[in-house]
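First the structure, in the form of structure tokens, and then the observations on it.
The values are calculated or read from the model by the stated rules, or taken from the named source; none is laboratory data. Owing to the predicted nature of the structure, the values given are computational and were not obtained by experimental measurement. FYI the Cβ positions are ideal-geometry reconstructions off the backbone, even for glycines, and counts take in every protein chain you see. SASA here: full protein model, heavy atoms, side chains in, ligands and nucleic acids out. Shrake-Rupley method; radii C 1.70, N 1.55, O 1.52, S 1.80 Å.
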Amino acid sequence: DDRDWEQYDINGSAVATELADASAPPPAVELTPAEKQEQKRLRKLAFNAPKQIKKLRASITKSESRIEELSEEMMSVGNDVGKLTDLSQLEEKEQAKVDKMTLELVELEQLLIEMS
């Protein structure tokens, strides 16, 4: 039987062919329209990320300064409960903005790492 002979060929050509086939890359997978759209969105987001990161850092710094101002104002108000409540609510809103911007910043930085 010639097939057995090919398998034990002295030059090893049959074995080499089998190994080459095993190391061949898998066929390309066709993406769905939704996956293509998502990749396009991520590329655009990654392209604009450095500019957005710069804006976010500036906004976070500004909001953190505002929080410090509100804290100092609360210390100076003393025992005026109404004023303290108002300032505390403003401070909480500003902190929520900082938290949201920080989360977005981290996500953008992670996206840049994944896309590079």
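What is the magnitude of the charge dipole of the stretch 69-109 about its Cα centre, with +1 placed on the Cβ of each Lys and Arg, -1 on the Cβ of each Asp and Glu, and no other charges, expressed in debye to the nearest 20?
The calculation lands at about 140 debye.
To the nearest 10 Å², what's THR85's accessible area with a 1.4 Å probe?
60
Measure out, as a whole number of angstrom, how far apart the alpha-carbon centroids of the stretch 32-46 and the stretch 88-116 sit.
Distance between centres, Cα-based: 22 Å.
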